[in-house]
Amino acid sequence: MAIIEPVRRETEPPYEIKKNSASIRFWHWANTIVIAGSLITVLINSTITNQGKTSALVKDQLQTVNINVSTNQARSVAHALSDKVWDIHIYFGYCLAALLLFRLLLEFFQVADQKFIRRLKSAYSQFNTIKKDREAKMHELSVKIIYGAFYIVLIIMVLTGLCLTFESIAFLKPFRHRLRNIHGFGMYVILAFIIVHLVGVFLAERRGSKGIVSDMINGGGQS
């Protein structure tokens, strides 16, 4: 897998620094917060509010004050706690869906040289036609392809998440298990992307493409 090391300078012309619009910067950081929050709720439900562990804890703690409950009753309490966390996860999912829609619409309204599709086509065209610095162009093309794959996975995650949220709809019920598996697998893909992305940014900052993080905060500029 290619390391996602953002390229700060455009290939053509070489002196032009990429500039991130305010809308893209908002989407990037809002998306970061929402995805992080969503992953944290999954972590909490698989550890702190794990039904097996929580039900045993509830039962033990009530016994310390001379209140005896059955295993099923303790599980009901644990299940209620877990549901509260999943409710928060669902809210994060709605926010992620809204941000995804915002990003898709933004692609139509961005200035031409900031459209993702145009940058992807440009990287592919330059890799095919320009022989000089082929390795650098291959790297840039690989980064664009990985970002494109991330957008596709994000769309799949949002669609499967919405289907699971509204799984009570009759025609969705037969697909519940498959949708859950796809959604769960997508989570691991997102985690892998985050790790590769962070490593890529770190390496880029050390290898001469300095200012990537600040450019995503202040928008960058042109030299």
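The values are calculated or read from the model by the stated rules, or taken from the named source; none is laboratory data. Source: prediction; values computed, not measured. Because the Cβ atoms are built from the backbone with ideal geometry, glycine has one as well, and the counts that use them run over all protein chains shown.
Of all the listed residues (115, 137), the sole one being assigned by TED's automatic domain parsing to the domain that holds residue 180, among the charged types (D, E, K, R) and farther than 28 Å from residue 35 by Cα is 137.
Evaluate the following for residue 85: is it assigned to a helix (DSSP H, G or I), of a type outside the set (Gly, Ala, Ser) and within 27 Å of the chain's Cα centre (by Cα)? Reasoning before the result, please.
On the way: assigned to a helix (DSSP H, G or I): yes; of a type outside the set (Gly, Ala, Ser): yes; within 27 Å of the chain's Cα centre (by Cα): yes.
For residue 85, the condition - assigned to a helix (DSSP H, G or I), of a type outside the set (Gly, Ala, Ser) and within 27 Å of the chain's Cα centre (by Cα) - is met.
Among residues of the range 110-123 that are more than 12 Å from residue 148 (Cα to Cα), those with a beta-carbon under 9 Å from a residue that is of a type in the set (Asp, Glu) and crowded, with 16+ Cβ neighbours inside 10 Å at least six positions away or on a different chain give the pairs 113/10; 122/10; 123/140.
For the range 24-35, indicate whether the set of residues that are crowded, with 16+ Cβ neighbours inside 10 Å and farther than 14 Å from residue 99 by Cα is non-empty. No: the range 24-35 contains no residue that is crowded, with 16+ Cβ neighbours inside 10 Å and farther than 14 Å from residue 99 by Cα.
Residue under question is residue 179, and the condition is that it be in a helix (DSSP H, G or I), in contact with a Cys (Cβ under 7 Å, 6 or more places away or on another chain) and of a type in the set (A, V, I, L, M, F, W, C); does it hold? Show your work before the answer.
Working: in a helix (DSSP H, G or I): yes; in contact with a Cys (Cβ under 7 Å, 6 or more places away or on another chain): yes; of a type in the set (A, V, I, L, M, F, W, C): yes.
Yes; evaluated as a whole, the condition is true for this residue.
Of all residues in the range 74-126, those being in contact with a helix residue (DSSP H, G or I) (Cβ under 8 Å, 6 or more places away or on another chain) and farther than 27 Å from residue 25 by Cα number 9. Of all residues in the range 159-185, those that are on the phi < 0 side of the Ramachandran plot have Cβ atoms under 6 Å from Cβ atoms of residues that are outside any helix (DSSP H, G or I), 6 or more apart or on another chain, in 176/167.
The rows are residues; the columns are (1) surrounded by fewer than 18 Cβ atoms within 10 Å (Cβ to Cβ); (2) at pLDDT below 90.
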residue: 123; (1), (2): no, yes
residue: 126; (1), (2): no, yes
residue: 130; (1), (2): yes, yes
residue: 135; (1), (2): yes, yes
residue: 147; (1), (2): yes, yes
residue: 154; (1), (2): no, no
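Figure legend. Inter-residue proximity from the range 192-213: first residues of a type outside the set (A, V, I, L, M), second residues surrounded by 13 or more Cβ atoms within 10 Å (Cβ to Cβ), beta-carbon distance below 6 Å, spacing 6+ or different chains. Indicated pairs: 193/150; 197/4; 200/3; 200/4; 200/5; 209/8. Of all residue pairs spaced 6 or more apart or on separate chains, those with beta-carbon atoms under 6 Å, a first member in the range 21-35 that is within 16 Å of residue 218 (Cβ to Cβ) and a second member that is of a type in the set (D, E, K, R) and assigned to a helix (DSSP H, G or I) are 27/103.
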